[in-house]
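Contents: one structure, followed by commentary.
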Amino acid sequence: MIDFVTHHWHDIWPFIAVGFVAQLVDGALGMAFGVITSTLLVSVMGMPPAKASSTVHIVEFFTTAASAVSHTIHRNVNWKLFATLVIPGMIGGITGAYLLANIHAETARPYVMAYLACIGVYLLWRGWRMTKGQPHRSAKFVGPLGLVGGFLDAVGGGGWGPVVTSNLLVQGTEPRMTIGTVNTAEFFLTTVISATFIVTLGWEAFTLATVGLIIGGLMAAPFGAVLAKRVPAKQLLYLVGTVLTLTSLFSLSKALGLV
């Protein structure tokens, strides 16, 4: 828990800024909050992966709630897709959080990051090939995708958006509704992951960094849904592909010890 007496509160501002930027990107593109904040906490502050992941998910309990409300208000949610996605995602999240809190589960991370980097490049290619008025398709592979995405999100401190949003877009779904649906489902995923971490690790993750990230994230949450609604599908694919490729390559380099 936070010691409110000994902390210098000017130290909170960098975390507010990080939370704001990370949530703005996440709300608009359906990914990157966990990747950005986890990278900061582990690489810069030296937090253990389990504690960093629990911190991120406690923050996301608040930010994803605000984001889900905002996307719902702006009618960015496909509720049929949401219903198929959310339960498997929660099951995968609980499993991943339990394993991360009790065993080392980072072995597969380089392979996952390499896969996501390839998906990012493919989305850039799809954006380049997309023509105005091109029809979108319903996703066929949803439940297992939610299970894997929830598991990887808990293990890696982020991954729900990159795994789920990118793969749904690869299947041809409409970008705006996909981003809104995945962000809304993420609130329920984050709730069960946070609860699992609190049961297994206690309240150690609730630090000054957590408070700063929550404040910044809540400030940015309403703007992400507006951006997702107003930015054309072609540009959204370019943005998602770029963010996914760059963050995945960075995470892959870190996992391999190159940075």
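The values are calculated or read from the model by the stated rules, or taken from the named source; none is laboratory data. This is a predicted model, so every value here is computed, not measured. Reconstructed Cβ throughout: ideal geometry from the backbone, glycine too, with neighbour counts over all protein chains shown.
Being touching a residue at least 60 places away in the same chain (Cβ under 8 Å) and under 21 Å from Trp125 (Cα atoms) is the filter here, so list the residues in the stretch 223-234 that pass it.
Within the stretch 223-234, Ala228, Val231, Ala233, Lys234 meet the criteria.
Of all residues in the stretch 163-172, which are more than 12 Å from Val240 (Cβ to Cβ) and either surrounded by fewer than 24 Cβ atoms within 10 Å (Cβ to Cβ) or among the charged types (D, E, K, R) (or both)?
Residues satisfying the conditions are Gln171, Gly172.
For a quick check of your reading: which helices (runs of 4 or more DSSP H) sit entirely within the stretch 160-259 and have at least 1 residues that are in contact with a Cys (Cβ under 7 Å, 6 or more places away or on another chain) and modelled with pLDDT under 80?
none
Filter the stretch 167-201 down to residues that are of a type in the set (D, E, K, R) and either over 13 Å from the mean Cα position of the chain (by Cα) or on the phi > 0 side of the Ramachandran plot (or both), then give me how many there are.
Adding up the residues that qualify gives 2.
Do any helices (runs of 4 or more DSSP H) lying entirely in the stretch 1-117 carry at least 1 residues that are modelled with pLDDT under 75 and not aliphatic (A, V, I, L, M), and which ones are they?
33-39, 49-73, 79-102
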